[in-house]
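Taking it in order: structure first as structure tokens, then the write-up.
The values are calculated or read from the model by the stated rules, or taken from the named source; none is laboratory data. Treat the numbers as computed from the prediction; the structure is a model and nothing was measured. So basically every Cβ, Gly included, is an ideal-geometry build from the backbone, and we count neighbours across all protein chains shown.
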């Protein structure tokens, strides 16, 4: 029997560490289409900004694979899974047998149909190679168009701005970070971006890439044309699951798993951004491409692969980002309208706080600017604490453990004076 993991990011790390807690001997093989040792993908924006070097991006020490007795096949792509034979076929023709298999292939860029996508100097921005390709061109870049004002697109825009490149961001919605921020929070963030010099165009989109061989302009839906030296498509990320579906593994938006991270096929598990896993706030399954959730799911999968039953309680969507000195934290149902939800908001000194309640529990939050209390609120969401006795204090600057009921303080702090 052997363990095989497809993918080499944070979910794979979680699985390896869990397996080795239980099973010290059975071989583990990691296969990845990237040639790099495991690295922190959120740092690719800092790499492009020139703030970190490649050797600073490792997610684990260089001896991680050796210490955990992991065989790596890096720079190789799995093109097919044969569940009856319990084997994988790689792009170079090699076949790899497995006893237990984990699919942790993460996400891939969502690129909608646009004319001219076959031109040069059109990039995505989710992997190390993406950052390297853009970085190599920075000396000749004067103006870059970024399509999409989500977290990925805005970090790419900020990174290029730090390198002296003019950036225009084009967003279909009426504000930046529209999936997690409401209009007021989005306005604060957009103001900071524009003040720094980023050009933001909302309620518009790119219809066509223009240029002879390489993109040197984009044509927007309203007919406007913007000259540029390169384009970054950062509209979103979708699960990298197509090859799994072809093998008979159940895929909806992502690979469908139970709370043990098992797929519908015996001996095959999935974890991380490729999955559609349990959401404990809304129930049911959803795609939740969040770095900490991927690690937890990987650990749960690893324990179960090694024969120790562990369950995933469900994911919580938490995002933390800083743009031009403005920190933003969102968690849970931060931007959903529903009759069963109550929204509390406060704007003070350019800072924004929002708490979303379902009955007596918090199910979502947004902090923009002063975020020092965001961790407390997020903890209350995770634990689904009854906040009835402290709801009037939730948005205050000095909200803290002193506002918690005595029994909850005892549990959190271990002592109450």
Region 390-401, residues that are touching a helix residue (DSSP H, G or I) at 6+ places or on another chain (Cβ under 8 Å) and without any contact (Cβ under 8 Å) to a residue 40 or more places away in the chain: 390, 393, 399, 400, 401
For the structure I just gave you, tell me whether residue 208 is surrounded by fewer than 19 Cβ atoms within 10 Å (Cβ to Cβ), assigned by TED's automatic domain parsing to the domain that holds residue 225 and in contact with a strand residue (DSSP E or B) (Cβ under 8 Å, 6 or more places away or on another chain). yes
Scan (1) assigned by TED's automatic domain parsing to the domain that holds residue 292; (2) within 26 Å of the chain's Cα centre (by Cα) for the single condition residue 94 breaks and write down its number. (2)
Looking at 387, 415, can you tell me which residue is at pLDDT 90 or above and over 23 Å from the mean Cα position of the chain (by Cα)? 387
So for region 146-159 (the condition being closer than 20 Å to residue 217 by Cβ, part of a strand (DSSP E or B) and without any contact (Cβ under 8 Å) to a residue 40 or more places away in the chain), does at least one residue qualify? no
Considering each of 346, 353 in turn, give the residue that is touching a residue at least 40 places away in the same chain (Cβ under 8 Å) and out of contact with any helix residue (DSSP H, G or I) (no Cβ under 9 Å at 6 or more places or on another chain). 346
Can you tell which of 259, 304, 285 is at pLDDT 95 or above and within 30 Å of residue 82 (Cβ to Cβ)? 304
Quick one: in region 123-145, of everything that is in a loop (DSSP other than H, G, I, E, B) and touching a strand residue (DSSP E or B) at 6+ places or on another chain (Cβ under 7 Å), which residue is farthest from residue 230 (Cα to Cα)? 126
Looking only at strands (runs of 3 or more DSSP E) that fall completely inside region 1-102, which ones have 3 or more residues that are crowded, with 23+ Cβ neighbours inside 10 Å and touching a residue at least 60 places away in the same chain (Cβ under 8 Å)? 3-6
Residue check: is residue 236 free of Cβ contacts under 8 Å to residues at least 40 places away in the same chain and in contact with a helix residue (DSSP H, G or I) (Cβ under 9 Å, 6 or more places away or on another chain)? no
Entirely in region 318-399, the strands (runs of 3 or more DSSP E) that have 1 or more residues that are more than 29 Å from residue 44 (Cα to Cα): 342-348, 351-358, 361-368
Any residue in region 272-283 that's more than 19 Å from residue 10 (Cα to Cα): show its pairings with residues that are outside any strand (DSSP E or B) and modelled with pLDDT of 75 or more at Cβ separation under 7 Å, as long as the two are six or more apart or on different chains. 279/288; 279/314; 280/313; 280/314; 281/316; 281/333
Can you confirm whether residue 319 is surrounded by 15 or more Cβ atoms within 10 Å (Cβ to Cβ), within 29 Å of residue 176 (Cβ to Cβ) and touching a helix residue (DSSP H, G or I) at 6+ places or on another chain (Cβ under 7 Å)? yes
